[in-house]
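Asker: I am attaching a structure below and will ask some questions about it afterwards.
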Amino acid sequence: MAALMLSEAEWQAILISLRVAGVAVGWILVPGVALAWLMARREFRGKALLDGVLHLPLVLPPVVVGYLLLLSLGRQGWLGQWLDQWFGVTLPFTWQGAAVAGGVMAFPLLVRAVRLSLEAVDVKLEAAASTLGAGRWRVFFTITLPLAFPGLLTGGVLAFARALSEFGATITFAANIPGETRTLPLALYTLIQTPGAEAAAARLCVLSIVIAMLSLLASEWLARHARRRLSERDG
Amino acid sequence: MSSITPTHDLHPQRRDDLQLTVDKRQGGFRLEASLTLPASGVTALFGPSGSGKTSLLRLIAGLDRPDSGSIRLGHETLTDTRRRRFVPPHRRRLGVVFQEARLFPHYRVRGNLAYGMRGTARARLDDIVELLGIGHLLERFPATLSGGEARRVAIGRALLSEPRLLLMDEPLTGLDGARKQELLDYIARLARDIDIPIVYVSHETDELIAIADHLVLLEQGRVLAHGPLDDLLTRFELTDQLGGFDAASLITATVDGHEPHYALTRLRLPDGQPLTIPIVDAAPGSRLRVRIPVREVALALDEPGATSYRNRLHATVEEIGPPQPGRAAVELRLRLGEQVLRARLTRKSLDEMGLTTGTSVVALVRSVSFDTRRG
């Protein structure tokens, strides 16, 4: 399908976008589910505050998030210094950094969706499992998580889409480096800034729409599949 | 079968008795109980809704913690607030059958049964599946089961975890009459065939009389009385709690023979007196427990002539219950050899017949209904 006639730069942008979004969802999955469980199942002091902090990336201008990431994870940042010193890891201006930015922006969406689906899981079933000898972890992996799976799927897809379309935090923290951090939105932005590149910009625009549609369809298919599996069980 | 009315369990303390002393507040409700439950047979936690039965069961299962108190099973401390000890539910090895079955919707029946199954229980899977009649359901998902089927699977699932004690929280709730009787029969059979003590929460006198050996009577978070069922059933002051108008006596008898053309079965009481009941499928010589509702017993001073009362039992008045203001009826306890039969008549009849303690009477029994259990 070279007939798609995508230029190398376009392919590069697509691949970087998919990789950045995939890694972004990958790294927030475990902490996201853990936090969602905490919010759904536990009462503790400062819960409202934590809830607020969790939602910050949704309401803050993305540039602010990117700047905060730069301050903390940059080479001079308190966390960045430590990462550099102990692991030789540098995040700013790398595609991994873009994945961090995308993950942070997508985090609230994932937590929200998973939390809602965890709250819908009947705690009575969890109690029943514990009387059958299942410890907390076994209850979580055999009862809670499977029953919350559709929500996890929705949350994952939402987060993926969010990371894919991330712009402000990414360009602030990871910059716009061709072949490294230039994702689709950044590539499109670059073309818009370039005189005479209207046609190329339009192509990327169409491409973005196609990818968005494809991921929506995929998530719809997955959700229907999961629902069918559950409803089969519901008779 | 003892005849006196003890306030405490007569059974000697056994090694694996369940001893508890708990105090728990929940909103405006307070549960305060101190009990020893026997390590065998069926113990019913009985009382109206809101009396604290389910709260007590949840404390035993470890699903809740008491504000203060301790729970011990044999020598093992499950909960002790003073020593800050609390064994979580999954380490207690107590099976729980909840009111709503609580099957896992994403596992088939087989998966539900296997969920808590211990390796050593694998060999018993087939027996338990057969006992509960759930063999044809193994590949189905819970949502496709009827209420009665789901309860049976839940019972099987709990049994396969090889519990030291089986806790059942009103397992018949929401079932219609026929299903209820069917499941009650399964549970009664279970209690007989499987040597696991059962704690059974209920607010239905029928269920209680059908399967309980011991009884804990709860009211507003307090223990009103506890002890062997037969003893508590003969106590006048508990009549209101134990069925009121429908109160009954339990009598043990031996099958003497059948009269199939009349659809009757002849029984013999331990003191030799005959008792005829609607036909039951039991071999001559087997022991049965029959339930004689108090309101079905009439009294006469002498053997009457021809009456439609088939059963005439010679007995002695042992105790006459206290007259209750505003009530026409008074309760009597009659001695029938080793057993006790309760009767109810109006105070007026009592005076006219001149009945006092020690008077010989003939108890006329109109109908006898059965206990599901064999004696």
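The values are calculated or read from the model by the stated rules, or taken from the named source; none is laboratory data. Fair warning: this is a prediction, and the values are worked out from it, not measured in the lab. All Cβ positions, glycine included, derive from the backbone under ideal geometry; neighbour counts span all protein chains shown. Only protein heavy atoms, including side chains, enter the accessible area calculation; ligands, DNA and RNA are left aside. Shrake-Rupley method; radii C 1.70, N 1.55, O 1.52, S 1.80 Å.
Asker: Only one of these is more than 28 Å from residue B:192 (Cβ to Cβ) and open to solvent by 10 Å² or more (accessible area, probe 1.4 Å): B:40, B:34. Name it.
Answerer: Answer to the selection: B:34.
Asker: Another question, then. For the stretch A:62-74, state whether one or more residues are over 17 Å from residue A:172 (Cβ atoms) and surrounded by fewer than 18 Cβ atoms within 10 Å (Cβ to Cβ).
Answerer: Checked the stretch A:62-74: no residue is over 17 Å from residue A:172 (Cβ atoms) and surrounded by fewer than 18 Cβ atoms within 10 Å (Cβ to Cβ).
Asker: Now, a different point. Go through (1) more than 9 Å from chain A (Cβ to nearest Cβ); (2) open to solvent by less than 50 Å² (accessible area, probe 1.4 Å) one by one and return the number of the condition residue B:92 breaks.
Answerer: It is condition (1) that residue B:92 fails.
Asker: While we're looking at this one, here's another question. Within the stretch A:170-192, take every residue that is part of a helix (DSSP H, G or I) and either touching a His at 6+ places or on another chain (Cβ under 8 Å) or of a type in the set (Ser, Thr, Tyr) (or both) and give me the one that is most open to solvent (accessible area, probe 1.4 Å).
Answerer: Within the stretch A:170-192, the match that is most open to solvent (accessible area, probe 1.4 Å) is A:189.
Asker: How many residues does the stretch A:136-156 hold that are within 10 Å of chain B (Cβ to nearest Cβ) and open to solvent by less than 20 Å² (accessible area, probe 1.4 Å)?
Answerer: Number satisfying all stated conditions: 2.
Asker: Please verify whether the stretch A:193-202 includes one or more residues that are under 25 Å from residue A:111 (Cβ atoms) and in a helix (DSSP H, G or I).
Answerer: No, the stretch A:193-202 contains no residue that is under 25 Å from residue A:111 (Cβ atoms) and in a helix (DSSP H, G or I).
Asker: Next question. Tell me yes or no: at least one residue of the stretch B:13-29 is at pLDDT below 60, open to solvent by 60 Å² or more (accessible area, probe 1.4 Å) and of a type outside the set (A, V, I, L, M, F, W, C).
Answerer: yes
Asker: Report the residue count in the stretch A:113-134 for those that are within 20 Å of residue B:165 (Cβ to Cβ) and among the small types (Gly, Ala, Ser).
Answerer: Going through the stretch A:113-134 one residue at a time, the tally reaches 6.
Asker: When you scan the stretch B:185-226, how many residues do you find that are in contact with a Leu (Cβ under 8 Å, 6 or more places away or on another chain), under 19 Å from residue B:164 (Cβ atoms) and of a type in the set (Asp, Glu)?
Answerer: So the answer is 2.
Asker: For the stretch A:44-58: of the residues being hydrophobic (A, V, I, L, M, F, W, C) and closer than 15 Å to residue A:115 by Cα, which is surrounded by the fewest Cβ atoms within 10 Å (Cβ to Cβ)?
Answerer: For the stretch A:44-58, the residue satisfying everything is A:48.
Asker: Next question. Having 1 or more residues that are touching a residue at least 40 places away in the same chain (Cβ under 8 Å) and charged (D, E, K, R) is the bar; report the helices (runs of 4 or more DSSP H) wholly within the stretch A:43-151 that clear it.
Answerer: Of the helices (runs of 4 or more DSSP H) lying wholly inside the stretch A:43-151, those with at least 1 residues that are touching a residue at least 40 places away in the same chain (Cβ under 8 Å) and charged (D, E, K, R) span A:95-119.
Asker: Further question on the same structure: If you go through the stretch A:106-125, how many residues are within 11 Å of another protein chain (Cβ to nearest Cβ) and open to solvent by 30 Å² or more (accessible area, probe 1.4 Å)?
Answerer: The total comes to 3.
Asker: Can you tell me how many residues in the stretch B:102-133 are assigned to a loop (DSSP other than H, G, I, E, B) and either among the basic types (Lys, Arg) or more than 9 Å from every other protein chain (Cβ to nearest Cβ) (or both)?
Answerer: Matching residues across the stretch B:102-133 total 4.
Asker: Can you tell me which of (1) among the acidic types (Asp, Glu); (2) in contact with a strand residue (DSSP E or B) (Cβ under 7 Å, 6 or more places away or on another chain); (3) more than 19 Å from residue B:16 (Cα to Cα) is the one residue B:80 doesn't meet?
Answerer: (3)
Asker: Determine if the stretch B:231-246 includes at least one residue that is out of contact with any helix residue (DSSP H, G or I) (no Cβ under 8 Å at 6 or more places or on another chain) and among the aliphatic types (A, V, I, L, M).
Answerer: Looking for residues that are out of contact with any helix residue (DSSP H, G or I) (no Cβ under 8 Å at 6 or more places or on another chain) and among the aliphatic types (A, V, I, L, M), one finds none in the stretch B:231-246, hence no.
Asker: Looking only at the stretch A:163-207, filter to residues that are of a type in the set (S, T, N, Q) and in contact (Cβ under 8 Å) with a residue 60 or more places away in the chain; which one of those is nearest to residue A:11 (Cα to Cα)?
Answerer: A:183
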